[in-house]
1. Could you please tell me which pairs satisfy a Cβ distance under 6 Å, a separation of 6+ or placement on different chains, a first residue in region 85-102 that is touching a residue at least 40 places away in the same chain (Cβ under 8 Å) and within 20 Å of LEU119 (Cα to Cα), and a second residue that is of a type in the set (A, V, I, L, M) and part of a strand (DSSP E or B)?
2. Name the one entry in MET51, MET74 that is touching a Ser or Thr at 6+ places or on another chain (Cβ under 8 Å) and either surrounded by 13 or more Cβ atoms within 10 Å (Cβ to Cβ) or at pLDDT 95 or above (or both).
3. Given VAL7, VAL79, which one is closer than 19 Å to LEU118 by Cα, surrounded by 18 or more Cβ atoms within 10 Å (Cβ to Cβ) and free of Cβ contacts under 8 Å to residues at least 40 places away in the same chain?
4. Would you list the strands (runs of 3 or more DSSP E) that sit entirely within region 1-111 and hold 1 or more residues that are in contact with a strand residue (DSSP E or B) (Cβ under 7 Å, 6 or more places away or on another chain) and among the hydroxyl-bearing types (Ser, Thr, Tyr)?
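The values are calculated or read from the model by the stated rules, or taken from the named source; none is laboratory data. Not measured: the values here are computed from a predicted model. Here Cβ is always computed from backbone atoms with ideal geometry, including for glycine, and neighbour counts include all displayed protein chains.
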Amino acid sequence: MSRVMIVDDSPTDVQNLRNILVKAGHQPLEATSGQDALDRIKNEKPDLIIMDVVMPGVNGFQATRQLAKDPATMNIPIVVVSSKSQESDRMWALRQGAKDYLVKPVKETELLAKLKALLGT
């Protein structure tokens, strides 16, 4: 069972992602903003992070960049999950340090395939 942190300010999106993760046998952790995630990730040590982009305060791109540059968190894979569907958004997320990018609404099979590839499970 992998510990996966969901970082999203939308309760509906968090619920949907939580349901997918629990059904697949993962343990979801939740943060409601980029800053909340940055404050908690070093202590909670998730195996993978699912990061929204559009959030108040520290957005997903900023949080991803900080996590990818920090030696304590740089090896935690980040999958950006966003309603932003432009190729430029995907490329920017990867430049910030994300390992993959999915567009909302997320398809369960697609998300689980990304997790399996990144976690090796």
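1. Correct list of pairs: ALA93/VAL80; ALA98/ILE78; ALA98/VAL80.
2. Values: MET74 fails: touching a Ser or Thr at 6+ places or on another chain (Cβ under 8 Å).
Of the residues listed, the single one that is touching a Ser or Thr at 6+ places or on another chain (Cβ under 8 Å) and either surrounded by 13 or more Cβ atoms within 10 Å (Cβ to Cβ) or at pLDDT 95 or above (or both) is MET51.
3. Numbers: VAL7 fails: free of Cβ contacts under 8 Å to residues at least 40 places away in the same chain.
Result of the check over VAL7, VAL79: VAL79.
4. Details: elements: 3-7, 27-31, 48-51, 78-82, 100-103.
Qualifying strands (runs of 3 or more DSSP E): 78-82, 100-103.
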